[in-house]
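Structure record follows, encoded as structure tokens.
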Amino acid sequence: MKSIPSHASFVQSVERKHAAFIYLFDGDAKLLGNGEEEVLFQGPKLVVFGEGDSITVATTGRPGRFLLASGQPLHEPISQHGPFVMNTRDAIEQTHWTFGSERL
């Protein structure tokens with residue numbers, strides 16, 4: 001988690017092929033991804049960025065707290081049910097069975 005004071009900015013480079021998002025917990029911040037229009041957001045807010053090589057966070061009159069995450073997309077199937085996220089429905093069912101029988 002990163003905190004920045006009011007009227008300050010933070011720039012983070014990101015691998016061009018990586019996916020990235022920011023979760024703004026609180027504060028007012030202008031967010032700018034490479035080649036995108038600068039937009040003012042108020043927390044709490046989740047912002048997902050398109051392809052680029054940097055992300056800029058600039059606070060206005062209030063300090064901001066945010067989490068920035070970036071990583072290479074896996075391009076794998078996703079199956080979700082309840083709190084569980086796996087790659088297949090069979091894996092979800094096995095996890096439910098294991099969880100239900102307390103074999104974790």
Handout entry: Pairs, first closer than 27 Å to Ala20 by Cα in segment 69-98, second assigned to a helix (DSSP H, G or I), C-beta under 6 Å, six or more apart
Key = Ser79/Arg89; Ser79/Ile92; His81/Ile92; Phe84/Ile92; Phe84/Thr95; Met86/Ile92
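So, in segment 1-35, of the ones that are of a type outside the set (A, V, I, L, M, F, W, C) and surrounded by 15 or more Cβ atoms within 10 Å (Cβ to Cβ), which residue ends up farthest from Ala58 (Cα to Cα)?
Taking segment 1-35 and keeping what is of a type outside the set (A, V, I, L, M, F, W, C), we get 2-3, 5-7, 9, 12-13, 15-18, 23, 26-28, 30, 33-35.
Remaining after also requiring surrounded by 15 or more Cβ atoms within 10 Å (Cβ to Cβ): 18, 23, 26-28, 30, 33-34.
Details: His18: 22, Tyr23: 14, Asp26: 13, Gly27: 11, Asp28: 9, Lys30: 5, Gly33: 12, Asn34: 14 Å.
Looking at residues that are of a type outside the set (A, V, I, L, M, F, W, C) and surrounded by 15 or more Cβ atoms within 10 Å (Cβ to Cβ), I get His18.
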Completion exercise
Residue set Thr95, Thr56; condition of a type in the set (S, T, N, Q) and assigned by TED's automatic domain parsing to the domain that holds Val14; output residue Thr56
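Filter segment 61-77 down to residues that are exposed (fewer than 15 other Cβ atoms within 10 Å of the Cβ) and closer than 14 Å to Ala8 by Cα and give me whichever is modelled with the highest pLDDT. Talk me through it step by step, then tell me what you get.
As a first pass, look at segment 61-77 and keep what is exposed (fewer than 15 other Cβ atoms within 10 Å of the Cβ): 61-62, 67, 69, 71-77.
Narrowing the set further to residues that are closer than 14 Å to Ala8 by Cα leaves 61-62.
Values: Gly61: 88, Arg62: 92.
Per the stated criteria, the residue is Arg62.
The values are calculated or read from the model by the stated rules, or taken from the named source; none is laboratory data. These numbers were taken from a predicted model, which means no experiment stands behind them. Note that each Cβ is placed from the backbone with ideal geometry, even for glycine, and that neighbours are counted across all protein chains shown.
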